[in-house]
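The values are calculated or read from the model by the stated rules, or taken from the named source; none is laboratory data. Because the structure is predicted, anything quoted here is derived from the model rather than measured. Please note: Cβ atoms are built from the backbone with ideal geometry, for glycine as well, and neighbour counts cover all protein chains shown. For the accessible areas, the whole protein counts, side chains as well, though only heavy atoms, and no ligand, DNA or RNA atoms are used. Shrake-Rupley method; radii C 1.70, N 1.55, O 1.52, S 1.80 Å.
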Amino acid sequence: MPSIIESAEVIVCSPGRNYVTVKIVTSDGVVGWGDATVNGRELAVASYLRDHVCPLLIGRDAQRIEQTWQWLYKGGYWRRGPITMAAIGAVDLALWDIKGKELGVPVYQLLGGAVREGVLTYAHASGWEVPQLLDAIDEKLEAGYLAVRAQSGIPGRRSVYAVASPEPGEPTNGFPPVEVWDTDAYLRHIPGVLETVRSHVGDSVRLLHDAHHRLTPIEAARLGKDLEPVRLFWLEDVTPGENQEALRLVRQHTTTPLAIGEVFNTIWDCMGFISGQYIDFVRTSVMHAGGISPSRRINDYASLYQVKVAPHGPSDVSPITMAASLHLDIATPNLGIQEYMGYPREALSVFQPDYSFDKGYLHPSDAPGLGVEFDEVAARAFPYERSYLPVAEREDGTPIDW
Ligand code: CS2
Ligand code: MG
């Protein structure tokens, strides 16, 4: 029996930060939830969905997930890109949620069932000075995490990616905050910080570090080499993601494992990295890459080259994406690790996810579908607030990747 899509709507709310949520309802009254959040460009996806995708969904068979995905991807003609793929991804997530609810099973069962007991996960720890960083790491280890991403401030800088500055910044009046970046200072400082962290935590804790696309290939190669004694689990996003050949050069110089992929939207963005075996981990977000349906293809393709998948899981994708990621992770043989940054308290009053954390591992919900409730009444108390990611500049004002 087909199940017909009767309505599809978009809800934008800001419980601690902005989220774009899709609600699809079938003729049988089954509700599916999808996430379409693109940090700093939220209203563009909301409009893409409201104005161009939701009207096309009405009357379609909700059970035909792959057919609808192909229809939206190929039928749009202007394919790929973060806005298009997040919008399609949100519809895909909502349709998997509906299918699970209709069949009475959690989504991971529809993906072949669990291949492992839980999903290894890493938390973020940051500190301006090393002692604060070590405290932040200890807090995560005490909470049970077995893997931590460590970021620190750089002496003489006022702002650094992922680390709250001790000095208050200038008011931005609705514009992106500007961070000043100095690659040499970073390359001089960070190996010593990570060596101290390694001696503090011992050998068994998995340590990660994120360079956020800021280095040239040869700078990245030097950093990878300098960090070899620290035995990182991975070094992330050393060069910008657009040039797949850049990491080939980095790879030739270092045995530090490399990860990249949070800004990618399709398998085409990571094919060269994977088939060239320039990376160890591919980090696409399940929603930003177009949903569970195409993410399965990325995962399988990566497995051919022994590249592991390690989905992006920041607080700027909603708990719906996190839940979808966990369903796919637990059913994916070549999973490496899942990022889990956590959520603002307000966000968890609107999104109620049923996944759980225990001793370093996340477990997807066993409720039918994705296992996240969305409280529409609570969401109304948090209207959209314009907000931007920071931009980075060199000291002379030249923009650089943030
Ligand atoms: C980061 C992200 O999670 C990560 O690895 O690089 O927090 C990233 O900065 C944000 O998702 C950007 O929206
Ligand atoms: Mg990152």
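Points worth noting:
- For the chain, the solvent-accessible area of protein heavy atoms averages 42 Å² per residue (probe radius 1.4 Å; ligands and nucleic acids excluded).
- Protein accessible area in region 1-139, 1.4 Å probe - carbon and sulfur %: 52 percent
- Derived scalar couplings between HN and Hα for region 264-278 equal 7, 10, 9, 4, 5, 5, 10, 4, x, 4, 6, 5, x, 6, 8 Hz in order, rounded to whole Hz, by the Karplus curve 6.51 cos²θ - 1.76 cosθ + 1.60 (θ = phi - 60°), x for Gly and Pro.
- Residue (of Val317, Phe233, Trp78) at the positive-pole extreme of the chain, dipole from beta-carbon charges: Trp78
- Comparing Glu170, Glu129, Glu346 in a Gaussian network model of the chain where C-alpha atoms under 10 Å apart are linked, the largest mean-square fluctuation is found at Glu170.
- Computed 3J(HN,Hα) for region 125-139, one whole-Hz value per residue from the Karplus formula 6.51 cos²θ - 1.76 cosθ + 1.60 where θ = phi - 60°, is 9, 9, x, 5, 9, 4, x, 5, 4, 5, 4, 5, 5, 4, 4, glycine and proline marked x.
- Modelled this way, with points 7 Å down the Cα-to-C-beta line, the labels at Ser7 and Asp28 are 2.0 nm from one another.
- Length, then width, then depth: along the principal axes, the Cα atoms of region 314-388 run 40, 30, 20 Å.
- Antiparallel content of DSSP bridges confined to the chain, in %, to 5: 50 percent
- In region 67-162 the Cα-Cα distances spread across 10 Å bins starting at 0 as 13, 22, 21, 26, 16, 2 percent of all pairs.
- Sorted from greatest to least, the principal axis extents spanned by the alpha carbons of region 229-333 come out as 39, 27, 25 Å.
- Once the Cα gyration tensor of the chain is diagonalised, semi-axes √(5λ) in Å: 35, 23, 21
- Dipole magnitude (debye, nearest 20) for the chain, charges at Cβ of Lys, Arg, Asp, Glu: 880 debye
- Accessible surface of region 142-283 [probe 1.4 Å, protein heavy atoms]: carbon and sulfur percent: 53 percent
- Between Glu139 and Val391, residue separation times 0.36 nm minus the direct Cα-Cα distance comes to 87.8 nm.
- Links that overshoot a 29 Å alpha carbon limit, given the list Lys23/Lys359; Lys74/Lys99; Lys140/Lys308; Lys99/Lys140: Lys23/Lys359; Lys99/Lys140
- At full extension, Lys225 and Asp182 could sit 13.5 nm farther apart than now, given 0.36 nm per residue minus the alpha carbon distance.
- A cut-off under 10 angstrom between Cβ atoms defines the neighbours of Val391, and their net charge, with Lys, Arg +1 and Asp, Glu -1, is -3.
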